[in-house]
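A short write-up of the structure that comes next.
The values are calculated or read from the model by the stated rules, or taken from the named source; none is laboratory data. Model, not experiment: these values are computed from the prediction. Using ideal geometry, Cβ is built from the backbone for each residue, glycine included, and neighbour counts are taken over all protein chains shown.
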There are 2 protein chains.
Amino acid sequence: MSADVTLTGVGVGPGDPELLTVKAVRLLREADLVFVPVMADRVAPTVTAGATPPGADGRAEATVRSHVAAERLRRLPFALDDRGGVTARRAAAWDDAARVVVEAIDAGARSLAFATIGDPNVYSTFGYLAQSVRALRPGVRVATVPGVTAMQELAARSGTPLCEGREPLTLLPATAGLALFADAVAGPGTVVAYKGWRRHPELLAELRRQGRLADAVLGRSLGLPGERIGPVDDTEHDLPYLSTLLVPARREHRGGKL
Amino acid sequence: MSADVTLTGVGVGPGDPELLTVKAVRLLREADLVFVPVMADRVAPTVTAGATPPGADGRAEATVRSHVAAERLRRLPFALDDRGGVTARRAAAWDDAARVVVEAIDAGARSLAFATIGDPNVYSTFGYLAQSVRALRPGVRVATVPGVTAMQELAARSGTPLCEGREPLTLLPATAGLALFADAVAGPGTVVAYKGWRRHPELLAELRRQGRLADAVLGRSLGLPGERIGPVDDTEHDLPYLSTLLVPARREHRGGKL
């Protein structure tokens with residue numbers, strides 16, 4: 001029954017409806033249904049045309065609305081917290097979401113897309129959803145379409161190359177711990193920290209300790225109405241959830257800041 | 001004279017003409033001229049419609065041909081070696097390329113695009129070109145449009161998430177040295193090595209030493225006709241230049257391989 005069914009995790013980029021790939025737009029338009037993640041406390045599963053899209057937790061929905069008619073969009077409740085790892089609450093949310101997808105398959109949907117901000121293989125919930133769906137319907141084919149990540153958009157918008165020549169690039173969530181961040185910043189490459197809002201003061205203190213505070217670039221609410229991009233303001237500690245901190249490699253040759 | 005001139009580095013993704021963003025396609029179509037990098041020994045600066053596109057070094061050209069008419073394409077000779085850093089030969093090539101761009105500006109071009117495989121802020125020559133152009137014409141505005149990188153395409157095509165939960169992700173060129181690669185592989189996250197062709201045996205030996213050889217995924221000639229994606233073949237040492245090696249994080253929870 002589910003052998004001819006495909007579930008595709010589609011990366012929709014950092015929030016700008018023009019920063020989806022041509023392939024992502026095509027798959028979203030061809031899909032029988034397009035699922036978008038929303039916070040678990042938002043219960044309305046269908047999308048009303050013209051209604052205000054949700055905030056930070058609804059960026060995927062806001063982004064795909066330019067490309068997909070509301071009647072083919074379905075909201076999937078998720079537990080989007082920033083603690084990482086597999087908590088019982090998160091696992092239960094994936095299983096609930098998987099059951100919604102399976103109901104759609106059983107009702108006849110053959111091509112299903114899951115729109116995810118950024119890239120479906122970079123800190124996305126899609127992998128968990130896909131595994132939960134396949135636990136229930138093993139025949140479902142799973143695919144992903146890559147998308148532009150927030151760090152790439154921050155690099156482009158701030159004129160800061162992510163990596164040049166022999167430099168490495170490290171991407172990490174602030175939740176991975178301060179030691180990992182400190183080691184990476186002390187190394188030879190660029191470091192990008194996601195989800196830094198709660199740990200922002202700690203990250204800044206470490207940058208100050210290493211003399212790198214002035215080099216850092218902060219993207220606040222990338223892709224959202226209150227978006228701000230620029231140097232780190234040492235006195236601003238009340239960051240939005242979707243913040244990206246970029247600490248460029250130390251560059252002495254030409255080729256640094258554009 | 002050059003105050004109203006914009007030079008935009010446009011990421012055209014890993015080689016699939018569908019993996020450009022909608023914005024990249026629009027900018028390439030709107031540009032007066034679209035420059036593509038070619039090896040310095042390929043001298044013909046104009047592109048003949050219908051002629052065979054160049055090989056690995058001409059991937060940007062092959063990719064944008066689906067979107068841009070040949071008469072607006074111009075080849076820019078570059079010294080694309082894998083040694084990294086700023087050699088006299090490379091710097092001279094950027095300066096030569098910059099002079100070609102400046103001639104176009106002086107001839108009246110106002111919007112110029114430079115198509116770069118992957119993302120213009122990830123191991124691209126665009127930053128060097130832009131600085132060389134601005135050294136000659138300081139008023140030129142420089143911008144970039146992000147693009148999907150080879151590691152993201154390899155993750156998507158092989159069903160291997162790049163990072164989940166609290167895992168870091170490290171991207172490095174094999175030219176950065178074996179110690180950096182070994183340290184990253186011993187760490188908690190995924191490691192992606194670019195440009196591994198010459199150092200492939202060393203990288204494989206290190207993976208074997210750390211017991212990670214069986215986990216690794218190799219993308220050979222991504223986006224080119226001879227493309228192959230799959231596990232590492234221990235006996236294959238003759239790799240193409242454009243190879244990407246992905247060593248996924250050790251994952252015990254569900255959410256690993258799709």
**Request:** Only residues that are over 18 Å from the mean Cα position of the chain (by Cα) and of a type in the set (Gly, Ala, Ser): list them for segment A:168-218, please.
**Result:** A:Gly177, A:Ala179, A:Ala182, A:Ala184, A:Ala186, A:Gly187, A:Gly189, A:Ala205, A:Gly211, A:Ala214, A:Ala216
**Asked** Do we find that B:Ala98 is under 18 Å from B:Gly11 (Cβ atoms), more than 11 Å from chain A (Cβ to nearest Cβ) and outside any loop (DSSP other than H, G, I, E, B) in this structure?
**Response** no
**Checking A:Pro138 against (1) surrounded by fewer than 17 Cβ atoms within 10 Å (Cβ to Cβ); (2) outside any loop (DSSP other than H, G, I, E, B), the condition it does not meet** = (2)
**Request:** Quickly run through segment A:162-204 and pick out the residues that are among the hydrophobic types (A, V, I, L, M, F, W, C) and in contact with a Gly (Cβ under 6 Å, 6 or more places away or on another chain).
**Result:** A:Leu169, A:Ala174, A:Leu203
**Item:** Sole exception among (1) buried (at least 24 other Cβ atoms within 10 Å of the Cβ); (2) outside the structural domain of A:Ala70 (by TED's automatic domain parsing); (3) touching a Leu at 6+ places or on another chain (Cβ under 8 Å) for A:Ala97, by number
**Value:** (2)
**Message:** Please pick out the residue among B:Thr48, B:Thr8 that is assigned to a strand (DSSP E or B) and either hydroxyl-bearing (Ser, Thr, Tyr) or modelled with pLDDT under 70 (or both).
**Reply:** B:Thr8
**Request:** Return a yes/no flag: does segment A:157-178 have any residue that is crowded, with 24+ Cβ neighbours inside 10 Å, more than 7 Å from every other protein chain (Cβ to nearest Cβ) and either in a helix (DSSP H, G or I) or at pLDDT below 95 (or both).
**Result:** no
**Asked** So which pairs qualify, if the first residue must be in segment A:172-183 and farther than 20 Å from A:Ala150 by Cα, the second must be in a helix (DSSP H, G or I) and of a type in the set (D, E, K, R), the Cβ gap must be under 7 Å, and the two must be at least 6 apart or on different chains?
**Response** A:Leu178/A:Glu202; A:Leu178/A:Glu206; A:Ala182/A:Glu206
**Request:** Would you point out the residue of segment A:134-156, among those that are touching a helix residue (DSSP H, G or I) at 6+ places or on another chain (Cβ under 7 Å) and either at the interface with another protein chain (Cβ under 7 Å from one of its Cβ atoms) or among the small types (Gly, Ala, Ser) (or both), that is farthest from A:Val5 (Cα to Cα)?
**Result:** A:Gly147
**Request:** Return yes when A:Ala216 is surrounded by fewer than 23 Cβ atoms within 10 Å (Cβ to Cβ) and within 18 Å of B:Pro168 (Cα to Cα) and no when it is not.
**Result:** no
